[in-house]
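A quick write-up on the structure given underneath.
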Amino acid sequence: MPGKDSSPKSSLVHATFHSIEEVNEVTRATGWDGEFRQLSKGRVTSRWQSVHLGPCSLTSHRLDKRIHVRQVPPRGCVALAIPPPPHFLLIEGVEVGNHEAILWHADSEVEIVTPNEAECETLAVPRPIFETSARALFPRTRLNGGPTRVFQFAPSDWSALRREMTRLLRDGSMSPEDVSNLLSRFLDLMAGEPESRLEEKSLGSRSTRRVAGRAQEYIEEHYPGTIRMEDLCRYTGVGLRTLQRSFAEYFQVSPSEFIRARRLNAARQGLLAAASSHHTVTHIAIDSGFTHLGRFSVDYRAHFGESPRETLAQRAPRGRGSVGTG
């Protein structure tokens, strides 16, 4: 019927969370695949807002703790992200911040470390929409496939893009035309005329990524047991100082701090999944690699803002966060 609006309607999700499990739940519920792990001490506060239009989404996510994330965009989607100032992210060991944007290809896992205060705004669109728009707007430029890429934008162009993202999030709705306009802005900045094209930024030195990645691989396999620095050095093939420097550059924490955080996160997952008649705090702590139970309890409370027994008491199903939809 002439004049009738048949456009699909968008939906809004907004939430405030106070645990890493709630952060993992909301990201998975909105299509992202991966896991958040807490590296720094204290109870997490996470603020999430997202606008959804079919498979397209625009999200703002703020965290107040150092977090280690390995994440893949929603299935079949390309993600385009910006950390608004003064925030930055470490993407594959490289700082990405003001006036920069991340192009995150479909089915591509990216490793991120956030500082103690971080925020990111992200547009996710299905790969066919991204590729069709890229071919139509810039037929001579190839932006499809390949590794994650980071671009440096001109400040005025970056600010205009960010204002548009902020407006849509503030309004809590978006139309197919809004998605098209926002995607066109990103593509224009990434593949425009030569005089206004962006610089592309390399993600990390290969040696740093290799050493940190090998060390993390060893830690993931062996954290329930004993891990010695000499074991990590042998496995990565470098000396102690190179190991420590590469690991701290990539993850922003030392290997020892990372190991402790990995064990604490494993213990928390075990406590929340425990069956009360078969599992105790002591058993879970030992299974997670802790040998000094008194120190475990102290470290656990400092890291998560509650005791292991308080976490164990939460294992029954319960409501998550303060979530609103519109």
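Observations, loosely collected:
- For segment 223-263, filtering for residues that are hydrophobic (A, V, I, L, M, F, W, C) and outside any helix (DSSP H, G or I) leaves 3.
- All told, residue 221 meets the bar of being free of Cβ contacts under 8 Å to residues at least 60 places away in the same chain and outside the structural domain of residue 19 (by TED's automatic domain parsing).
- Taken together, the criteria exclude residue 246 from residues that are over 12 Å from residue 208 (Cα atoms) and not β-branched (Val, Ile, Thr).
- Tabulated pairs, segment 101-120, first assigned by TED's automatic domain parsing to the domain that holds residue 63 and closer than 24 Å to residue 161 by Cα, second charged (D, E, K, R) and surrounded by fewer than 19 Cβ atoms within 10 Å (Cβ to Cβ), C-beta under 6 angstrom, 6+ apart or interchain: 103/149; 106/127; 117/64; 119/62
- Whether a residue is at pLDDT below 85 and either farther than 18 Å from residue 24 by Cα or in contact with a strand residue (DSSP E or B) (Cβ under 8 Å, 6 or more places away or on another chain) (or both) was assessed, and residue 145 passes this test.
- Some residue of segment 129-149 being part of a strand (DSSP E or B) and in contact with a Pro (Cβ under 6 Å, 6 or more places away or on another chain): no
- Screening the candidates 200, 221, 195 for the property of being at pLDDT 95 or above and among the acidic types (Asp, Glu) yields one hit, 221.
Yes or no, residue by residue, for (1) in the same structural domain as residue 121 (by TED's automatic domain parsing); (2) assigned to a loop (DSSP other than H, G, I, E, B); (3) touching a helix residue (DSSP H, G or I) at 6+ places or on another chain (Cβ under 6 Å); (4) on the phi < 0 side of the Ramachandran plot:
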{"position": "16", "(1), (2), (3), (4)": "yes, no, no, yes"}
{"position": "23", "(1), (2), (3), (4)": "yes, no, no, yes"}
{"position": "37", "(1), (2), (3), (4)": "yes, no, yes, yes"}
{"position": "40", "(1), (2), (3), (4)": "yes, yes, no, yes"}
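The values are calculated or read from the model by the stated rules, or taken from the named source; none is laboratory data. Because the structure is predicted, anything quoted here is derived from the model rather than measured. Ideal geometry is used to build each Cβ from the backbone, glycine not excepted, and the neighbour counts take in all protein chains shown.
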